[in-house]
Amino acid sequence: MSAPKELRVSKDRRTLTVTYHDHDPFDLSAELLRVASPSAEVQGHSPEQRVTVPGKRNVAISTIEPVGNYAVRIVFDDGHSTGIFTWNYLHRLGHEKDAVWSDYLASLEAKGLSRD
């Protein structure tokens, strides 16, 4: 997967718009990016270790830093900064964001956790 044509953070820092050359732009909320961070802290080292991260409804993107020619590191205003978002991962999130979001909400509910 090649690099996106553009990454744009909204003025309120709560949405990342990703534009690839081959399709329309898609918006990813800062909350979705934070709770689906590809970091070991969130994903664990196996599916059984995946962590459901509550309380991120109001998280914002502080900065985006390039990582080589294949990814970006997104730094969030809650201090989380260990996720490396590859071009492939961002592309997949853009295409699967509804399913990822539904799974996240179901996991919160099953564990008695809240977005707030």
Length added when fully stretched, ARG57-ASP78, from 0.36 nm per residue minus Cα-Cα
6.4 nm
Simple SL model, points at 7 angstrom along Cα→Cβ for ASP24 and HIS95; separation in nm is 1.7
Quick note, the chain: a/c under 1.5 would make it rounded; otherwise a/b > b/c is prolate and the rest oblate (a ≥ b ≥ c, C-alpha gyration tensor); here it is prolate
Would you mind computing, in nm to one decimal, how far apart the modelled labels at SER102 and GLU48 are, each placed 7 Å from Cα along Cα→Cβ?
2.7
Cα long-axis angle, helix 87-111 against the chain (0 to 90 degrees, to the nearest 10)
10
Using θ = phi - 60° and the Karplus curve 6.51 cos²θ - 1.76 cosθ + 1.60, what whole-Hz ³J(HN,Hα) does each residue of segment 37-46 get, with Gly and Pro shown as x?
3, x, 5, 5, 4, 8, 7, x, 10, 7
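Every read-out reported here was derived from the displayed coordinates using simple, explicitly stated rules and does not represent laboratory data. No experiment lies behind these values; they were computed from the predicted model shown. Please note: Cβ atoms are built from the backbone with ideal geometry, for glycine as well, and neighbour counts cover all protein chains shown.
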